[in-house]
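Every number here is computed from the coordinates shown, using simple stated rules; none is lab data. These figures come from a predicted structure and were not determined experimentally. Using ideal geometry, Cβ is built from the backbone for each residue, glycine included, and neighbour counts are taken over all protein chains shown.
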Amino acid sequence: MKKRVLSGVQPSGDLHIGNYLGALKNWVRMQHDCESIFCIVDLHAITVYQRPEELRAKITELAALFVAAGIDPKVSTIVVQSMVHGHAELAWLLTCVTPVGWLQRMTQYKAKSDSQGTAGDGLLQYPVLMAADILIYQAHVVPVGEDQSQHLELTRDIAQRFNSLYGETFVMPETSLPAVGARVMGLDDPEKKMSKSAAGAGHAIALLDPPEVIRRKIMRATTDSLPAVDFENLGAGVRNLLTIFQAFSDWSDDRMQRHFSGMRYGDLKKQAAEMVASSLDPIQRRYRELMSEPGAVDRILAEGCQRVAPIADATVNLVKQRMGLYTRS
Ligand code: TYM
């Protein structure tokens, strides 16, 4: 039996190369060996205020980017979280078995609630909804970037607690991180994770950035005071540029060392910029093609929802039965 894979991205901000290298590139690789479901998690996005018309447009854009990046909608399922009602329903059922202390300890909750004047309750419940996304499909593997590891541990804790209270119900999902690119750092500040929400024109490379913008951002990336690449003494900025190059090229460590040892930073930046621009070019072309076909993305999303809704319904029904709740079937 093929393993089931589930992962998700929030339709907020612009999808960047950190999202691509940390998550999407791995999804494309895994989709042929596994039964894959990739979710546009709009209910997560609204834990922070989103302008409705912008959110709607971002959902379509993100679905098109999934396909452009190589997710084949005939092989994998692309689904919008809010279209499958069971995600929100299961989240409530799981909330009732989740101690609030587990949620208050989450580092993303602490960081996000500190930066918001008044944090909505949704921000605290965020990881329970994420657990529901995964557990509702009984996913075996969850390919994500490193920043999601803590949420995945919590998902397993919630599943275990449910199973021990109500009997074996959920599959225990594994985290899958890419070998290179699990944590891509900001170009302007390599001590900070590249993020969709961070301000600053030179921080992230968006998947849809034109080549000249990619070049400008990389040429201005923060490095250190050394003149050339020294693998014994890599500063965070240089390490990040090398990681980006390696994750796009799939070069081995050996080949990276042979090629870049002693190279001046200016040349490293030029080569990294060309690698990123030439890797994103086919994605951008496919994206434009898909967006120019009226209704194409909507059809993919409607089909995705139809395909997975029965799996979600079956899990919610099972959970409700286990908990002694009333079910229709
Ligand atoms: P999100 O939308 O922030 O990010 C989507 C994916 O991109 C990865 N990622 C990165 N990887 C490497 N370097 C970076 N700088 C970087 N920034 C982001 C993330 O790890 C993620 O894999 N909570 C999730 C969305 C979610 C989800 C799920 C994921 C909701 N339900 C169920 C998996 C399974 C999030 O906010 O991802």
Determine the distance separating the Cα centre of segment 110-133 from the Cα centre of segment 63-80; give it in Å without decimals. 27 Å
I need the per residue convex hull volume for the chain, using only the alpha carbons, in cubic angstrom as a whole number. 151 Å³
Dipole of the chain, positive end: most advanced residue of 83, 129, 48 [Cβ charges, Cα centre]: 83
Give me a comma-separated list of calculated 3J(HN,Hα) values for segment 98-105, in order, Karplus coefficients 6.51, -1.76, 1.60 applied at θ = phi - 60°, integers in Hz, x for any Gly or Pro. 9, x, 5, x, 4, 7, 5, 7
Considering only DSSP states other than H, G, I, E and B, which GluC sites (Glu not before Pro) in segment 69-170 qualify as loop sites with at most 11 other Cβ atoms within 10 Å? 168
Want the number for residue 75 to residue 232: 0.36 nm per residue separation, take away the alpha-carbon distance, what's left? 52.2 nm
For the chain, give the magnitude of the charge dipole about the Cα centre (Cβ charges: +1 Lys/Arg, -1 Asp/Glu; no others), in debye to the nearest 20. 160 debye
Order of 92, 27, 251 under a 10 Å beta carbon neighbour criterion, fewest first: 92, 251, 27
What is the distance in Å between the Cα centres of segment 179-235 and segment 1-50? 22 Å
Given a Förster distance of 56 angstrom, what is the FRET efficiency for residue 153 paired with residue 292, based on the Cβ-Cβ distance and rounded to 0.05? 0.85
With segment 211-290 reduced to its Cα atoms and the Debye formula applied, log10 I(q)/I(0) at q = 0.13, 0.14 1/Å amounts to -0.41, -0.47
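Counting other Cβ atoms within 10 Å, keep those with at most 15, restrict to DSSP loop, and tell me which trypsin sites (Lys or Arg not before Pro) in segment 1-108 are left.
2, 3, 74, 105
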Would you work out which of 59, 92, 252 lies farthest towards the positive end of the dipole of the chain? Charges go on Cβ: Lys and Arg +1, Asp and Glu -1. 92
Nearest-0.05 FRET efficiency for residue 105 and residue 255 at R0 = 56 Å, using Cβ-Cβ distance, is 0.85
Add -39500 (n - 2.57) for each DSSP H run of 4 or more in the chain, then divide by its residues: what number comes out at 222 nm, to the nearest 500 deg cm²/dmol? -16500 deg cm²/dmol
Taking only C-alpha pairs under 8 Å that are 6+ residues apart, what is the relative contact order of segment 211-290 in percent? 42 percent
